[in-house]
1. What tally of residues in segment B:126-177 results from selecting those that are of a type in the set (Lys, Arg) and within 14 Å of chain A (Cβ to nearest Cβ)?
2. Filter segment B:35-55 down to the residues that are within 8 Å of chain A (Cβ to nearest Cβ) and surrounded by fewer than 18 Cβ atoms within 10 Å (Cβ to Cβ) and list them by number.
3. Tally time: how many residues in segment B:104-118 are more than 20 Å from B:ALA207 (Cα to Cα) and within 10 Å of chain A (Cβ to nearest Cβ)?
4. Only one of these conditions is not met by A:ASN175: (1) at positive phi; (2) surrounded by 15 or more Cβ atoms within 10 Å (Cβ to Cβ); (3) out of contact with any strand residue (DSSP E or B) (no Cβ under 7 Å at 6 or more places or on another chain). Which number is it?
5. Quick check on my filter: what residues within segment A:3-34 are aliphatic (A, V, I, L, M) and farther than 18 Å from B:GLY49 by Cα?
6. Applying the selection to segment B:68-104, what residues are touching a strand residue (DSSP E or B) at 6+ places or on another chain (Cβ under 6 Å), of a type in the set (Asp, Glu) and over 24 Å from B:VAL141 (Cβ atoms)?
7. If you go through segment A:11-38 one residue at a time, how many are in a helix (DSSP H, G or I) and surrounded by fewer than 17 Cβ atoms within 10 Å (Cβ to Cβ)?
Amino acid sequence: MKSKVYDNASSALAGLLFDGMSIMSGGFGLCGIPENLITALRDSGVKGLTVIGNNVGADDHGMWAVLANGQIKKVVASYVGENKILEQLYMSGGIEIEFNPQGTLAERIRAGGAGIPAFYTRTGYGTMVGEGKETRQFNGENYLMETGLVADVSIVKAWKGDSKGNLIYRKTARNFNPVMATAGKQVVAEVEHLVAAGELGSDQIHTPGIFVDRIFSGTGYVKHIERRTTRPMPVTRSAGEKA
Amino acid sequence: MPWTRDDMAARAARELKDGFHVNLGVGIPTQVANLIPPDISVTLQSENGMLGMGPFPYDDEVDPDLINAGKQTITELPHTSYFSSADSFGMIRGGHIDLSILGGMQVAENGDLANWMVPGKMIKGMGGAMDLVAGVRRIIVVMEHTEKTGAPKFLRECSLPLTGKAVVDLLITDLGVFEIDRHGGGASLVELAPGVTIEEITAKTAARFQDKTRAS
């Protein structure tokens with residue numbers, strides 16, 4: 001059996017990229033984004049991308065680099081604030097943005113990965129999001145039809161992974177990564193700790209390896225924090241002591 | 001004297017009940033987390049995939065893998081659980097969250113809410129707001145009663161694009177509190193901020209409402 005393990009981001013993306021393709025990219029804000037794969041995507045120079053993700057990076061960070069490099073044609077996202085280049089591109093008509101409610105986006109991806117072509121949701125009924133969409137009543141409530149989403153390639157970030165592609169995420173860095181790992185025709189995962197098959201507890205695995213085609217150990221994680229928010233240290237507690 | 005932002009958050013906190021699972025929006029609603037009465041237990045949900053949100057971290061506890069939906073660093077509690085965005089919105093859309101407290105730009109007398117975009121300005125996106133108002137059992141909106149220009153924000157119909165249709169149950173402003181029957185029963189003024197008269201709030205409101213402040 002061919003190994004799923006690659007040396008780095010560019011070798012893991014080799015042969016998968018083409019102009020005009022769609023890419024799902026995991027993360028919420030800058031939390032849990034595939035940093036190494038985003039940099040390799042920028043360096044590849046692939047163009048005309050449709051990028052599906054909750055956000056498109058933030059000023060100077062994450063998917064912003066691919067955007068600033070002029071590689072993105074369309075964005076499918078729920079929130080794109082804190083991103084001046086995107087704002088300029090959008091206002092000048094240089095990029096298309098399809099806004100999806102966050103839960104609808106997550107469910108469209110989940111459905112896409114689960115082989116469900118469409119579903120009904122109350123979210124967005126009676127708003128701009130519902131314009132032009134099929135509606136239907138169930139038990140007296142109005143629902144919108146939304147379609148499942150798949151991408152040519154999904155790029156995801158996990159905390160730990162093994163050579164079979166099994167993944168474990170950490171805290172809120174999980175977010176969109178597990179659903180996106182199910183909805184790419186090809187799925188590339190980067191992990192902070194890559195181990196041999198059998199070293200992750202079978203009951204602890206979040207994403208079963210069947211969904212992951214290629215995996216590698218990422219390096220140089222920045223994990224930029226958008227809003228570092230702290231509370232004052234009490235005088236009775238010294239640094240390092242657990243709260 | 002009208003309520004301050006802190007007063008409005010404190011008034012919203014009085015709507016919390018023991019055992020509630022609650023999602024708080026950004027702005028004034030976030031402050032509600034600091035005002036939970038000590039005799040009740042409330043679990044805070046963050047839609048990026050966390051149930052059981054703790055306080056902000058001390059400086060040496062900051063973890064970039066642990067943020068809330070406002071992208072602020074946060075801490076976990078012993079009973080915290082983490083899950084994917086799809087599970088998180090399953091929780092929200094499926095009616096498992098008891099209460100959400102959100103900010104607003106405009107509210108209509110039938111419970112319509114607009115809080116995500118202003119035509120002609122850069123659209124940042126609705127994030128999870130449309131899912132929250134569509135799925136959470138009870139929706140409270142906390143907002144200033146009028147625009148800075150003095151124009152009313154509690155209206156017969158919203159002029160801004162909607163976040164949800166007939167979704168608001170309670171509106172808390174700096175001038176008072178309105179109950180809204182989102183099944184067509186209209187709006188009722190149930191409380192006035194100290195020193196605010198019925199004449200003043202009526203003059204600053206375009207929505208039609210019944211005055212129930214003297215009902216009991």
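1. Narrowing segment B:126-177 to residues of a type in the set (Lys, Arg): B:137-138, B:148, B:153, B:156, B:165.
Then keep just the ones that are within 14 Å of chain A (Cβ to nearest Cβ); that gives B:137, B:165.
Total satisfying the criteria: 2.
2. Filtering segment B:35-55 down to residues within 8 Å of chain A (Cβ to nearest Cβ) leaves B:46-50, B:55.
Residue satisfying the conditions is B:PRO55 alone.
3. Of the residues in segment B:104-118, the ones more than 20 Å from B:ALA207 (Cα to Cα) are B:116-118.
Then keep just the ones that are within 10 Å of chain A (Cβ to nearest Cβ); that gives B:116-117.
Qualifying residue count, segment B:104-118: 2.
4. (3)
5. First, pick out the residues of segment A:3-34 that are aliphatic (A, V, I, L, M): A:5, A:9, A:12-14, A:16-17, A:21, A:23-24, A:30, A:33.
A:VAL5, A:ALA9, A:ALA12, A:LEU13, A:ALA14, A:LEU16, A:LEU17, A:MET21, A:ILE23, A:MET24 - these are the residues of segment A:3-34 that are aliphatic (A, V, I, L, M) and farther than 18 Å from B:GLY49 by Cα.
6. None; the set is empty.
7. 1
Condition check ((1) more than 13 Å from the chain's Cα centre (by Cα); (2) at pLDDT below 95; (3) not hydrophobic (A, V, I, L, M, F, W, C)) across all residues:
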| position | (1), (2), (3) |
| --- | --- |
| B:PRO78 | yes, no, yes |
| B:SER85 | yes, no, yes |
| B:SER88 | yes, no, yes |
| B:GLY95 | yes, no, yes |
| B:LEU102 | no, no, no |
| B:GLN106 | no, no, yes |
| B:ASP112 | yes, no, yes |
| B:PRO119 | yes, yes, yes |
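The values are calculated or read from the model by the stated rules, or taken from the named source; none is laboratory data. Just so it is clear, the structure is predicted and the values come from calculations on it, not from any experiment. With ideal geometry, Cβ positions are generated from the backbone for all residues, glycine too; neighbour counts draw on all protein chains shown.
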